[in-house]
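Below you'll find the structure, written out as structure tokens, and then a few comments.
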Amino acid sequence: MIMSEVLFKYRVHPGDFFRNAEIAKLPDPNNDLEGFLIWFLDDYQSDERIAYINDLWKLLEDQQVTPVQVNEKTFYSNGEIQAEITELESQLKDEAYRNFYDLLRENKIQIIDRDEE
């Protein structure tokens, strides 16, 4: 079954530079985690966990020789770095899901019917 894209908008501007009150496509967190986190993670732009994950991804991309220390944690293999990224992304995704649900429940965002565009 092919799903059509889901549109949404904030009823009031969320007050930061990344998000707005325009109609937007709801990002699929399985295919666009960063987009989902930008829209629904509180304080995405100042969340230290995002910077930490970005640092870890850079280590993997640069093929750094291990052991390497990041934020007082020592990694001895790329597998350990990947496991840390996976764990953090899972935590952030769960938090963003909760925030998304709360926004819906509190009527702060609106799911847009294609006919309403």
*Hey, got a sec? Which GluC sites (Glu not before Pro) in the stretch 11-69 land in a DSSP loop and have at most 12 other Cβ atoms within 10 Å?*
Glu22
*Using 0.36 nm per residue of separation minus the Cα-Cα distance, give me the extension gain between Val12 and Ile111 in nm, one decimal.*
34.3 nm
*Determine, for Asp32, Asp62, the number of other Cβ atoms within 10 Å of each Cβ, and report the residues in order from fewest to most.*
Asp62, Asp32
_Residues Phe40, Phe18, Phe8 arranged by fewest to most Cβ contacts within 10 Å_ = Phe18, Phe8, Phe40
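Report, in listed order, any pair from Lys73/Lys108; Lys58/Lys108; Lys25/Lys58; Lys73/Lys93 with a Cα-Cα distance greater than 30 Å.
In this structure, Lys73/Lys108; Lys58/Lys108 lie more than 30 Å apart at Cα.
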*Could you list Trp57, Trp39 in order of exposure, starting from the residue whose Cβ has the fewest other Cβ atoms within 10 Å?*
Trp57, Trp39
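Every read-out reported here was derived from the displayed coordinates using simple, explicitly stated rules and does not represent laboratory data. The structure presented is a predicted model; accordingly, all values stated were derived computationally and were not measured. Please note: Cβ atoms are built from the backbone with ideal geometry, for glycine as well, and neighbour counts cover all protein chains shown.
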